[in-house]
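Here's the structure, in C-alpha cells; my notes come after.
The values are calculated or read from the model by the stated rules, or taken from the named source; none is laboratory data. What you are looking at is a predicted structure, and each value in this text was computed from that prediction instead of being measured. For neighbour counting, all protein chains shown are included, and Cβ atoms are generated from backbone atoms with ideal geometry for every residue, glycine included. With ligands, DNA and RNA removed, areas are computed over all heavy atoms of the protein, side chains included. Shrake-Rupley method; radii C 1.70, N 1.55, O 1.52, S 1.80 Å.
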Amino acid sequence: MLALSNDFNTFSADCAFLCEAFAAIASDQSPMDGYIVYGCNRYGLWIKEQVANFDERIQELQEYIREQR
C-alpha cells in the first residue's frame with residue numbers, strides 16, 4: 001500500500017508539471033512544431049499507460065484484501 005501511495009504521489013506531481021507545461025504551450029500561441037506535437041503525444045500516452053497501471057495495481061490490492069477476509 002505504501003509503495004502504491006508513493007508511486008501515485010510521484011505520478012501526481014509529474015502530471016501537475018505536464019499540465020503546467022501544456023498550458024504554457026497553449027498560451028504561447030506560436031505554431032506547434034513537430035517536436036512539440038511528438039512530446040504531447042508521447043506524454044499523453046505515458047499518462048494513459050500509468051493510469052492503466054495504477055488501476056491494475058489497485059484492483060490487485062482490492063482482490064488481496066478480499067481474500068484476507
Take the conditions open to solvent by 70 Å² or more (accessible area, probe 1.4 Å), aromatic (Phe, Trp, Tyr) and over 25 Å from ALA3 (Cβ atoms) and apply them to TYR43. Does it pass? no
Quick one: PRO31 ticks every box in (1) of a type outside the set (A, V, I, L, M); (2) open to solvent by 70 Å² or more (accessible area, probe 1.4 Å); (3) in a helix (DSSP H, G or I) bar one, so which box is it? (3)
Name the single residue that is nearest to the chain's Cα centre (by Cα) among those in the range 17-28 being open to solvent by 50 Å² or more (accessible area, probe 1.4 Å) and aliphatic (A, V, I, L, M). ALA23
Among the numbered criteria (1) surrounded by 11 or more Cβ atoms within 10 Å (Cβ to Cβ); (2) within 9 Å of the chain's Cα centre (by Cα), which single criterion is violated by LYS48? (1)
